[in-house]
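Notes follow the structure.
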Amino acid sequence: MASRRLLVAVFFFAASAVALAFLILPLAALLTDRPPSSLFDQLSNPVVTDALVVSLETSAAAQALIILLGTPLAYLLASRRFRGRSAVVTLVELPIVLPPAVAGIGLIVAFGRLGLLGGAFSALGIDVSFNKAAVILAVAFVAGPLYVRVAIAAFEAVDPRLVAASRTLGAGPARTFFRVVLPLAGSGLTAAAALALARGLGEFGATIMFAGSLQGVTQTLPLAIYYVFDTNLDVALTISALFVIMTAAVLMSLKLTSLWHSSRSASPSRSAIFASS
Amino acid sequence: MALLSVGFALPLRHFRLELELELDGVVALVGPSGAGKTTVLSVIAGLARPESGRVALDDEVWLDTDRRIDLPPDRRRVGLVFQEYALFPHMSVRQNVAYGGQRRADELLARFGIAALADARPDQLSGGERQRVALARALARDPGVLLLDEPLSSLDGHTKASVRSELARLLPEIGLPTLIVTHDYEDAVSIAARAGVLVDGRLRQLGSPDELVTRPADAFVASFTGANLLRGRAHTRAGALAEVVLDSGEPLQSTDQVQGDVDIAIYPWDVILSHEDASTPPPANSIRVEITAMTRVGGRVRVAAGPLNAELATEAAAALALVPGAIVRASFAPASVRLIRRD
C-alpha cells in the first residue's frame, strides 16, 4: 500500500518537473542563447525598431477599436435575453478558434480591393490592403473576439440586483452603467483587454496574408522574426526576447490588478439574483 | 398620507398572479415562498412588466397598460429595500446612501445611527447595519412609496428580533405607504398594522392581525396564522351553539353558525389541557389526545397532542406534570372553535 502511494507521488512530481522544464526551457534559451550585450546591440537595428513601432502603433489602434466597439457589444450580449442570442455569441467566438490563415483569407475577400466591401471602400478613398489599416483590421479581427468573450463573462458576474437597485434609486441606464456596472466589471474587463493585447501583439497568420510584411509599414514584431530568422538569428533572438519580456509584463500587471480589485471590492453575494418568489 | 393603488395580472410559471391592493400605512404581504410576493414589488417598482394593470400613487400614474403608460424604475418614486439589501460593494456607506440623493444623505446617516460607519464598505457591516444603510439609501431619493423585500430573512435570530422592533418603530414614523414582503407571519404582524396573505398568486385575505385570527377567510389563512386545523361536519341549531362532529367522531360545540362540511380552526393558545379523571365526567367540548412531544420556547411550552398543537405557560405545564406519552383531555371554549365552510 505504502509503496504504491509513494509510486503515485513520485510519478506526479516527475511528470510536473518534466512539463515545467519543457515549458520553461525555450523561454530561458531565448534569453540566454546570446550574451545580453549582443541583444542590446541589436535593439538599435532598424528592422527591430521599425517592427516595434509598427507593432505598438497598430496594437494601440486595434485595442482602442476593440474596447470602443467590443464593450457595448459584450454588455448587450450579457444583459439582454433575445432570440438568437446564443447564435450571436457563437459567431463572436468563432474567430477565436479559427486558424489565422482562414481569418486572413476572410479579411481579403471581405475588405480587400476585390472583396465584398472593397469597391465601397475604394469609392470612399479608403484602402485597406498592405498598409497599417490592414494590420489593425487583422489584429482586431483575431484579438477582438477574445476581449468580447471575456468581457461578457465579466458583465454577467455583476449581480443583477445591483443594477435593479441603481434603477430604483433614480439612476437611468447610462448612470447605472458607468457608476455600477463598469466599476464592478472593471477587473474582468481589464483582464479581457490584457488577453486581447497579448493575443494581438503576437498576431501573425492573418496579418501576413492580409497586410503583407513591409518593413516600417506592416511588418510587426512576429513578422520581423519570420523575415530575419534565417539571415540574422541575432535580430530574431532579440525580438523574441523582447516579446517574452513584454508579454510577461502584460500577464504580471493583469495578475496585480485583479489582486488589487479583489481585495478592494468583494461583492458579498453574487450568486443569488433578484429571485421572483 | 398618499395612497398607492395597485391592480394587475401577470402569468408566472405555475399560476397567474392577480392582485388588487390599496395601500396607505404599513402593510405586510405574507405567504409561502413562490407565492409571487417579490414579483408584486417588482411590478410596483417597474422591474417587471405585468400583462395588464395599473399602478398609481394618488393621481401620479406609473403604469397603465390600457393607456400604454409604463414609467421606467428610475422615474417611479419608489424606495425599494432589496432582499439581502443589494448594497453597492464598491462604494462606502455614505456613497451608497448619496447614490439615491445627495441632499438628505447626511441627515439620514445621522437619523439611522450609521454616521460613524459613513466611510465603511458594505462587507465590513453587520446584518443589522446593512439593513439600516439599505433603508437610508432607499429613503434618500425621497420616495413616495417604500417597499421592503424580506427585510429580516438574511439576519441571524438575535439580530432579527432587534431589527424587527426597529422596523416596527421606524416605518410608521417615516409616514409613507409601505409594503413589506415576508414569508414569516410573526414578522409580518409584528411590523405591519395590516397583513395580506398571498397564496399561489391570489390575495386570500387582507386585514389586521386580529381579523386574520378571529375570522380567517379560509383554512390556509388559519393554518398560516398558526391555527390547528381539524375537519368535520357542522349542524346549526336554532337558538343554540352549532354542533360539529369531527371526522374522528367526537362532537364539539362552536359559536360560529355554519352548516355542512367545515374546517375547524383552533389556535394553540386556546387549547386547555387537563388530566382524565375517572371519577368525574370529562369536561365539555373536549377531545382525548396523547402527548407526543414538548418544546420549551421562552416562558411557554409548545405541546404536540394528538392532532393539535397547544401552547401553555411553563408553570401550567409543570403543575400538570405533562410528559410525552401521557393521555390527556384537550378542551376549548365554544368561541375558540372557529368554523370555516369547505367548498
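The values are calculated or read from the model by the stated rules, or taken from the named source; none is laboratory data. Predicted, not measured: the structure shown is a model, and the values here were computed from it. Note that each Cβ is placed from the backbone with ideal geometry, even for glycine, and that neighbours are counted across all protein chains shown. Surface accessibility is based on the protein's heavy atoms, side chains included, excluding ligands, DNA and RNA. Shrake-Rupley method; radii C 1.70, N 1.55, O 1.52, S 1.80 Å.
Could you list, in sequence order, all residues of the stretch B:295-334 that are open to solvent by 60 Å² or more (accessible area, probe 1.4 Å) and among the aliphatic types (A, V, I, L, M)?
Those that are open to solvent by 60 Å² or more (accessible area, probe 1.4 Å) and among the aliphatic types (A, V, I, L, M): B:VAL297, B:ALA318, B:ALA319, B:ALA321, B:VAL323, B:ILE327.
What do you reckon, is B:SER33 under 16 Å from B:ARG202 (Cα atoms) and within 13 Å of another protein chain (Cβ to nearest Cβ)?
yes
Could you tell me which of the residues B:VAL55, B:VAL81, B:VAL93, B:VAL61 is more than 22 Å from A:VAL180 (Cβ to Cβ) and either crowded, with 19+ Cβ neighbours inside 10 Å or at the interface with chain A (Cβ under 8 Å from one of its Cβ atoms) (or both)?
B:VAL55
Quick one: count up the residues across the stretch A:53-91 that are free of Cβ contacts under 8 Å to residues at least 12 places away in the same chain, within 13 Å of A:LEU201 (Cβ to Cβ) and over 13 Å from the mean Cα position of the chain (by Cα).
1
Grab the strands (runs of 3 or more DSSP E) fully contained in the stretch B:183-291, keeping just those with 2 or more residues being under 30 Å from B:LEU10 (Cα atoms).
B:194-199, B:202-207
Return the only residue of A:ALA87, A:ALA74 being open to solvent by less than 50 Å² (accessible area, probe 1.4 Å) and either hydroxyl-bearing (Ser, Thr, Tyr) or at pLDDT 90 or above (or both).
A:ALA74
Looking only at residues in the stretch A:167-183 that are at the interface with chain B (Cβ under 7 Å from one of its Cβ atoms) and closer than 29 Å to B:GLY144 by Cβ, which one is surrounded by the most Cβ atoms within 10 Å (Cβ to Cβ)?
Ranking the candidates gives A:THR168 first.
Taking the conditions exactly as written (at the interface with chain A (Cβ under 9 Å from one of its Cβ atoms) and open to solvent by 20 Å² or more (accessible area, probe 1.4 Å)), does B:ARG75 satisfy them or not?
yes
Can you go through B:VAL6, B:VAL26 and tell me which one is open to solvent by 10 Å² or more (accessible area, probe 1.4 Å) and touching a Leu at 6+ places or on another chain (Cβ under 7 Å)?
Of the residues listed, the single one that is open to solvent by 10 Å² or more (accessible area, probe 1.4 Å) and touching a Leu at 6+ places or on another chain (Cβ under 7 Å) is B:VAL26.
For the stretch A:231-250, name all the residues that are among the aliphatic types (A, V, I, L, M), in contact (Cβ under 8 Å) with a residue 24 or more places away in the chain and within 15 Å of A:LEU27 (Cα to Cα).
Across the stretch A:231-250, the qualifying residues are A:LEU237, A:ILE239, A:ALA241, A:LEU242, A:VAL244, A:MET246.
When you check B:PHE88 against the structure, is it closer than 25 Å to B:VAL181 by Cα, within 7 Å of another protein chain (Cβ to nearest Cβ), of a type in the set (A, V, I, L, M, F, W, C) and in contact with an Asp or Glu (Cβ under 7 Å, 6 or more places away or on another chain), yes or no?
no
Does the stretch B:48-80 hold any residues that are small (Gly, Ala, Ser) and assigned to a strand (DSSP E or B), and which are they?
B:SER52, B:GLY53, B:ALA56, B:GLY79
Out of A:GLY112, A:GLY200, A:GLY119, A:GLY144, which single residue is open to solvent by less than 30 Å² (accessible area, probe 1.4 Å), away from every other protein chain (no Cβ under 14 Å) and at pLDDT below 90?
A:GLY112
Taking only pairs six or more apart or across chains, which ones have beta-carbon atoms under 7 Å, a first residue in the stretch B:110-139 that is more than 18 Å from B:HIS90 (Cβ to Cβ) and within 12 Å of chain A (Cβ to nearest Cβ), and a second residue that is acidic (Asp, Glu) and open to solvent by 60 Å² or more (accessible area, probe 1.4 Å)?
B:GLY127/B:ASP156
Out of all the residues in the stretch A:92-103, which are within 30 Å of A:ALA78 (Cβ to Cβ) and either in contact with a Cys (Cβ under 7 Å, 6 or more places away or on another chain) or surrounded by 13 or more Cβ atoms within 10 Å (Cβ to Cβ) (or both)?
Result: A:VAL92, A:GLU93, A:PRO95, A:ILE96, A:LEU98, A:PRO100, A:VAL102, A:ALA103.
Looking at the stretch B:103-156, which of its residues are open to solvent by 30 Å² or more (accessible area, probe 1.4 Å), assigned to a loop (DSSP other than H, G, I, E, B) and over 18 Å from B:PHE88 (Cβ atoms)?
Scanning the stretch B:103-156 gives B:ARG103, B:GLY113, B:ASP142, B:SER153, B:ASP156.
Working only within the stretch B:233-280, note down all residues that are polar (S, T, N, Q) and open to solvent by less than 50 Å² (accessible area, probe 1.4 Å).
B:SER254, B:SER274
Every residue, every condition in (1) at pLDDT below 90; (2) touching a Pro at 6+ places or on another chain (Cβ under 8 Å); (3) not β-branched (Val, Ile, Thr), yes or no:
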| residue | (1), (2), (3) |
| --- | --- |
| B:GLN257 | yes, no, yes |
| B:GLY260 | no, no, yes |
| B:ARG296 | yes, no, yes |
| B:ARG302 | no, yes, yes |
| B:LEU322 | yes, no, yes |
| B:VAL328 | no, no, no |
| B:LEU339 | no, no, yes |
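Taking interchain pairs and intrachain pairs at least six residues apart, which have beta carbon atoms under 6 angstrom, with the first residue in the stretch B:144-173 and closer than 23 Å to B:ARG76 by Cβ and the second surrounded by fewer than 19 Cβ atoms within 10 Å (Cβ to Cβ)?
Every condition considered, the pairs that remain are B:GLY144/B:ALA2; B:GLY144/B:ARG77.
Do we find a residue being more than 15 Å from the chain's Cα centre (by Cα), open to solvent by 20 Å² or more (accessible area, probe 1.4 Å), within 14 Å of chain B (Cβ to nearest Cβ) and of a type in the set (Gly, Ala, Ser) anywhere in the stretch A:208-225?
Looking through the stretch A:208-225, none of the residues is more than 15 Å from the chain's Cα centre (by Cα), open to solvent by 20 Å² or more (accessible area, probe 1.4 Å), within 14 Å of chain B (Cβ to nearest Cβ) and of a type in the set (Gly, Ala, Ser).
Can B:ALA28 be described as closer than 24 Å to A:LEU184 by Cα and small (Gly, Ala, Ser)?
Spelling it out, it is not the case that B:ALA28 is closer than 24 Å to A:LEU184 by Cα and small (Gly, Ala, Ser).
Pull out all pairs, ordered by first then second residue, where Cβ-Cβ is under 8 Å, the residues are six or more apart or on different chains, the first lies in the stretch B:4-19 and is more than 14 Å from every other protein chain (Cβ to nearest Cβ), and the second is modelled with pLDDT under 90 and open to solvent by 10 Å² or more (accessible area, probe 1.4 Å).
From residues that are more than 14 Å from every other protein chain (Cβ to nearest Cβ), the pairs are B:LEU4/B:ASP24.
Can we say A:LEU27 is in contact (Cβ under 8 Å) with a residue 12 or more places away in the chain and part of a helix (DSSP H, G or I)?
Yes, satisfied.
Kindly indicate which of B:LEU230, B:LEU179 is in contact (Cβ under 8 Å) with a residue 60 or more places away in the chain, open to solvent by less than 30 Å² (accessible area, probe 1.4 Å) and within 15 Å of B:LEU29 (Cβ to Cβ).
Testing whether each residue is in contact (Cβ under 8 Å) with a residue 60 or more places away in the chain, open to solvent by less than 30 Å² (accessible area, probe 1.4 Å) and within 15 Å of B:LEU29 (Cβ to Cβ) leaves just B:LEU179.
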